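Each remark here refers to the structure printed beneath this line.
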Amino acid sequence: MFVRSVLSLLVLSTLPLAVPAQDFGDSLKRTVKRAAESEVRSAADRETRRVTRCVLGDERCAREADARGEDVEYVDRRGRAVAAPAGAGQPAPGAAFRVEPYAGSSVREDETLAFDAYDFVIGKESNGDLRARTVEGRVTRTLYNNPSGRSTLEIVRNYEQALRGRGLRLVHQCAGRDACGGTGNREANWNNVAGMNIGVGGDFRYVAAEGVVGSSQVSVAVMVNKQRTWVTVVEGAAMQTGQVGVSADALAAELAAGGKVRLDGIYFDTGKATLKAESRAALAEVAELMRRDPSLQLEIVGHTDAVGEDGVNLRLSEARALAVRAALVIDHGVADRRLKARGAGETEPVAANDSEAGRALNRRVELVKP
């Protein structure tokens, strides 16, 4: 069809011209041949054009495919095709959440992506593999050269202090190959999972922290070895109030650091001690915390704001603590001898009661190591 169209066009366009028959025939043959060859090349290009499949968030894969002139098809971690979010793999506009580097460090590499996925290491499995969960959002990766004459302990302690100062809480920390894991299985090592090189020696330290900054969930991973420090920050999308969950790792880290932790994700009917169904996820994490450490014993402490009578608040706080204890024992099989419950009422506030924001902080349930 294409060749016939070219032939018709040439015949019509050359009718008014006086061209010798032989020349016209030769010209026509050459034109038809070029058109046919072009059509064959186009068809071959369409047949041989390569499409590279990249897991959503693996922007290195996408950039390398683009450099090779290949199309990119994004897939999820199960291999199913997905649409790439707007801005995937592109530099992120605006200022990103930053963690100040250790004094004297120099930037070696720095990259911010508007949207990416990152495997956030939060522990070690019993077989030594890394335990990680995927977090998504704006990702900033920075690699620093460490100043000379500083220990990995000194550097990581400064990062811990900086993270706490930004309102984040530690969810995991470790030092060395035995404690940190991820050194045996090649597919589960630090470089493949978290993009961090622990080096050939054993002197390295890792800390992970999370928290809510503004309306975003922020996850920060820091790896320090003798020569380098890797800092990865993931800023999640804006969240709805009350949607921030808890994890056994975060609870364990807070208990180890301060001896007590606020148990977020626990909900009661107003003025009552009836646990809502939305509390199940948080209770399951507490049960997992107890399962991992069979020697752990906890006191569950209920707190209220200062609205209402003191005696009523005290009884309500105690009833709520008992409700949490009962749910852990009955629904999750935690031995009752490992849990105590008490109510503190309004006597241990963590904020002023003169605003709704302060009162909301005071209405809480805490886990305390006796």
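Give segment 149-171 a look and list any residue that's farther than 17 Å from Trp230 by Cβ, touching a Leu at 6+ places or on another chain (Cβ under 9 Å) and part of a helix (DSSP H, G or I), or say none.
Hit for segment 149-171 is Arg164, nothing else.
Go through segment 106-148 and give me each residue that's surrounded by fewer than 20 Cβ atoms within 10 Å (Cβ to Cβ) and not in a strand (DSSP E or B).
Once the filter is applied, which keeps residues that are surrounded by fewer than 20 Cβ atoms within 10 Å (Cβ to Cβ) and not in a strand (DSSP E or B), segment 106-148 yields Glu125, Ser126, Asn127, Gly128, Asp129, Pro147, Ser148.
Taking only pairs six or more apart or across chains, which ones have beta-carbon atoms under 9 Å, a first residue in segment 105-131 that is under 14 Å from Ala179 (Cβ atoms), and a second residue that is modelled with pLDDT of 90 or more and of a type in the set (Ser, Thr, Tyr)?
Val121/Tyr206
Tally time: how many residues in segment 117-145 are touching a helix residue (DSSP H, G or I) at 6+ places or on another chain (Cβ under 6 Å) and over 22 Å from Val246 (Cα atoms)?
Within segment 117-145, residues that are touching a helix residue (DSSP H, G or I) at 6+ places or on another chain (Cβ under 6 Å) and over 22 Å from Val246 (Cα atoms) number 1.
When only residues in segment 332-370 that are in contact with a Lys or Arg (Cβ under 8 Å, 6 or more places away or on another chain) and acidic (Asp, Glu) count, which is surrounded by the most Cβ atoms within 10 Å (Cβ to Cβ)?
Glu366
Counting only residues that are at pLDDT below 85 and assigned to a loop (DSSP other than H, G, I, E, B), which one in segment 199-226 is surrounded by the fewest Cβ atoms within 10 Å (Cβ to Cβ)?
Val200
Would you confirm, using the coordinates I've provided, whether Ala238 is under 19 Å from the mean Cα position of the chain (by Cα), modelled with pLDDT under 90 and open to solvent by 70 Å² or more (accessible area, probe 1.4 Å)?
yes
Determine, yes or no, whether Gln173 is within 17 Å of the chain's Cα centre (by Cα) and open to solvent by 70 Å² or more (accessible area, probe 1.4 Å).
Spelling it out, Gln173 is indeed within 17 Å of the chain's Cα centre (by Cα) and open to solvent by 70 Å² or more (accessible area, probe 1.4 Å).
Just to be sure I understand, how many residues within segment 245-281 are open to solvent by less than 20 Å² (accessible area, probe 1.4 Å) and touching a Phe, Trp or Tyr at 6+ places or on another chain (Cβ under 9 Å)?
Adding up the residues that qualify gives 1.
So that you can scan it fast, the table gives a plain yes or no per residue for (1) at negative phi; (2) without any contact (Cβ under 8 Å) to a residue 24 or more places away in the chain; (3) in contact with a Leu (Cβ under 8 Å, 6 or more places away or on another chain); (4) among the basic types (Lys, Arg):
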site	(1), (2), (3), (4)
Leu255	yes, no, yes, no
Gly258	yes, yes, no, no
Val261	yes, no, yes, no
Lys276	yes, yes, no, yes
Ala281	yes, no, no, no
Ala306	yes, no, no, no
Asn313	yes, no, no, no
Ala321	yes, no, no, no
Gly333	no, no, no, no
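The values are calculated or read from the model by the stated rules, or taken from the named source; none is laboratory data. The model shown is predicted, which means the values in this text are computed figures rather than measured ones. Cβ atoms come from the backbone with ideal geometry, glycine included; neighbour counts cover every protein chain shown. Areas reflect the complete protein model, heavy atoms only, side chains present, ligands, DNA and RNA absent. Shrake-Rupley method; radii C 1.70, N 1.55, O 1.52, S 1.80 Å.
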